[in-house]
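Rule-based calculations on the coordinates, nothing more; no lab input. Since we're looking at a predicted model, the values are computed, not measured. Neighbour counts run over all protein chains shown; Cβ positions are idealised from the backbone, glycine included.
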Amino acid sequence: HNDIIRSPVDLAEFARLFRTTLDAIKVAHGEDTIVHVFPAVPVSVAVEAGRSWQSKAHPALKIYDQNRKLGGFIFAHELEHAS
């Protein structure tokens with residue numbers, strides 16, 4: 001649904017939960033884990049996820065995009081740790 005974000009407070013809460021979740025994944029699976037992301041979210045949430053991710057603190061992300069012509073999700077982008 002495109003109406004899940006109704007206010008700036010909703011977006012801020014998403015960002016907080018996203019960072020907390022990435023922190024928990026890192027604790028449970030280690031610094032070298034890669035999180036595969038198949039987003040089905042409004043644009044505002046996708047942008048906030050990118051803004052919230054921290055290269056020195058969070059696991060790497062591999063992001064996929066749905067492409068019906070190619071039959072499903074395809075790899076689109078990777079956010080890696082800072083060197």
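What to note about this one:
- Residues (surrounded by 11 or more Cβ atoms within 10 Å (Cβ to Cβ) and either at positive phi or over 9 Å from the mean Cα position of the chain (by Cα) (or both)) located in region 21-44: Thr21, Asp23, Ile25, Lys26, His29, Glu31, Thr33, Ile34, Val41, Pro42, Ser44
- Checking each residue in region 8-33 for being of a type in the set (Asp, Glu) and outside any helix (DSSP H, G or I) picks out Glu31, Asp32.
- Members of region 38-83 found to be assigned to a helix (DSSP H, G or I), within 19 Å of Leu17 (Cβ to Cβ) and not β-branched (Val, Ile, Thr), listed by number: Ser44, Ala46, Glu48, Ala49, Gly50, Arg51, Ser52
- Every condition in (1) free of Cβ contacts under 8 Å to residues at least 12 places away in the same chain; (2) touching a strand residue (DSSP E or B) at 6+ places or on another chain (Cβ under 7 Å) holds for Ala28 except the one numbered (2).
- Pairs with Cβ under 6 Å, 6+ apart, first in region 66-83 and surrounded by 10 or more Cβ atoms within 10 Å (Cβ to Cβ), second in a helix (DSSP H, G or I): none
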